[in-house]
Amino acid sequence: MIYQRIFAAVGVVAAISLGFALPAFADTKIGAINFEEVVQKSPQYKAADTKVSTEFGKRKADIESQGKQLQDDAQKYQKDHDVLSADARAKTEKDLQQRQIDLQYAQKKFQDDFTTRNRDLTQQIVTQIRAVITQVAKEKGFDLVVTDPVYAAASIDISDEVLKRLAAAPDAGK
């Protein structure tokens, strides 16, 4: 019973507030964009993805190769452990431990460099996409552009227009 009164009171307050707010929004023209989709479909994003893969591909392969070699050497050591002298075991264990430390450092450095480069390229793309969104919104007379709405009618969705302009940009795909 008390819940019904609370909901009724909230409903009355909302209706009164909405009644006063509607005239203010009557002349507001709203646009919508699926930002994530635009970013992922943009030629700039695809070019940046290719660029990062090219820049870091060889380094990633080298680290993976070092890891595989370390794993193979560790397995060989486990197999030969009993036949090695105490000095050879100690030397091999020290070498394997140092290589493990070096590999972990190289992996961390790679991940940090990759993350930084990826973030920098993504920020450049996002800045460019936002500039195109602003340009399209102004040309179409939108007062507000909402990103990633649950639903947007095709008449207010500017995602395709933004993608077309991004594709036509001089740096598209580079």
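The values are calculated or read from the model by the stated rules, or taken from the named source; none is laboratory data. The structure presented is a predicted model; accordingly, all values stated were derived computationally and were not measured. Note: ideal-geometry Cβ built from the backbone for every residue, glycine included; neighbour counts use all protein chains shown.
Numerical summary
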| quantity | calculated |
| --- | --- |
| Residue satisfying condition, being at pLDDT 95 or above, within 30 Å of residue 51 (Cα to Cα), under 20 Å from the mean Cα position of the chain (by Cα) and not aromatic (Phe, Trp, Tyr), within set 102, 120, 113 | 113 |
| So residue 79, is it at pLDDT below 95, assigned to a helix (DSSP H, G or I), among the basic types (Lys, Arg) and over 30 Å from residue 161 (Cα atoms) | yes |
| Selection count, the range 82-101, where residues are of a type outside the set (Lys, Arg), touching a helix residue (DSSP H, G or I) at 6+ places or on another chain (Cβ under 8 Å) and assigned to a helix (DSSP H, G or I) | 4 |
| Hey, residue 32 surrounded by 12 or more Cβ atoms within 10 Å (Cβ to Cβ), of a type outside the set (Lys, Arg) and not in a helix (DSSP H, G or I) or not | yes |
| Cross-chain or 6+ apart pairs with Cβ under 7 Å, the range 59-78 first and without any contact (Cβ under 8 Å) to a residue 12 or more places away in the chain, then polar (S, T, N, Q) and exposed (fewer than 15 other Cβ atoms within 10 Å of the Cβ) | none |
| Residue tally, condition among the aliphatic types (A, V, I, L, M) and without any contact (Cβ under 8 Å) to a residue 60 or more places away in the chain, over the range 91-135 | 6 |
| Members of the range 80-98 found to be within 17 Å of residue 66 (Cα to Cα) and hydroxyl-bearing (Ser, Thr, Tyr), listed by number | 92 |
| Residue in the range 43-56 that is among the basic types (Lys, Arg), under 30 Å from residue 131 (Cα atoms) and in a helix (DSSP H, G or I) present | yes |
| Check on residue 171, of a type in the set (Asp, Glu), closer than 30 Å to residue 54 by Cα and assigned to a loop (DSSP other than H, G, I, E, B) | yes |
| The range 37-53 - residue that is hydroxyl-bearing (Ser, Thr, Tyr) and within 14 Å of the chain's Cα centre (by Cα) and, of those, nearest to residue 115 (Cα to Cα) | 45 |
| Filtered residues of the range 131-153 (kept if out of contact with any helix residue (DSSP H, G or I) (no Cβ under 7 Å at 6 or more places or on another chain) and of a type in the set (Asp, Glu)) | 139, 143 |
